[in-house]
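A.B. asks: So that we are looking at the same thing, I have put the structure below in structure tokens.
The values are calculated or read from the model by the stated rules, or taken from the named source; none is laboratory data. As the structure is a computational prediction, the values presented were derived from the model and not from experiment. With ideal geometry, Cβ positions are generated from the backbone for all residues, glycine too; neighbour counts draw on all protein chains shown. In case anyone asks, the SASA skips ligands and DNA or RNA and just uses the protein heavy atoms, side chains included. Shrake-Rupley method; radii C 1.70, N 1.55, O 1.52, S 1.80 Å.
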Amino acid sequence: NNGLLLSRNIDSYFDKHDISFDENGKILLGKRVDAEIKKIYIGFSLDKQVLTPERKKYLQLHRKLFDEKQSVL
């Protein structure tokens, strides 16, 4: 439940907490994400089937780290 199958570009940003996902699965793009990547993924959302209660807990923790990183940039 703490894993997501993402494309190589998105996975790299996700691992560095430069992107995350909100409680509904919508992508959150950080300040360090390349403008061209933002254009491609701006409306991306995770499939609702992926958002199990257990996975939402991990995403909540990930989002907290994402928010902290964005606040110091």
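A.B. asks: Show the residue pairs that are 6+ apart or on different chains and have beta-carbon atoms under 7 Å apart, the first residue being within the stretch 12-24 and at negative phi, the second being of a type in the set (A, V, I, L, M, F, W, C) and part of a strand (DSSP E or B).
C.D. replies: Tyr13/Ile19; Ile19/Ile27; Ile19/Leu28; Ile19/Leu29; Ser20/Leu28; Phe21/Ile27; Phe21/Leu28; Asp22/Leu28
A.B. asks: Same structure, new question: State yes or no: is Ile42 open to solvent by 90 Å² or more (accessible area, probe 1.4 Å) and either among the basic types (Lys, Arg) or touching a residue at least 12 places away in the same chain (Cβ under 8 Å) (or both)?
C.D. replies: Considered against the rule, which asks whether it is open to solvent by 90 Å² or more (accessible area, probe 1.4 Å) and either among the basic types (Lys, Arg) or touching a residue at least 12 places away in the same chain (Cβ under 8 Å) (or both), Ile42 comes out as yes.
A.B. asks: Can you name the residue in the stretch 51-72 that is open to solvent by 100 Å² or more (accessible area, probe 1.4 Å) and within 12 Å of the chain's Cα centre (by Cα) and, of all such residues, is nearest to Gly3 (Cα to Cα)?
C.D. replies: Result: Tyr58.
A.B. asks: Restricting the search to the stretch 15-34, which residues are outside any loop (DSSP other than H, G, I, E, B) and open to solvent by 30 Å² or more (accessible area, probe 1.4 Å)?
C.D. replies: Across the stretch 15-34, the qualifying residues are Asp15, Lys26, Leu28, Leu29.
A.B. asks: Which of the residues spanning the stretch 35-63 are assigned to a loop (DSSP other than H, G, I, E, B) and among the hydrophobic types (A, V, I, L, M, F, W, C)?
C.D. replies: Within the stretch 35-63, Ile42, Phe44, Leu46, Leu51 qualify.
A.B. asks: While we're on this one: So, Lys48, is that one touching a residue at least 24 places away in the same chain (Cβ under 8 Å) and open to solvent by 100 Å² or more (accessible area, probe 1.4 Å) or not?
C.D. replies: The answer is no for Lys48.
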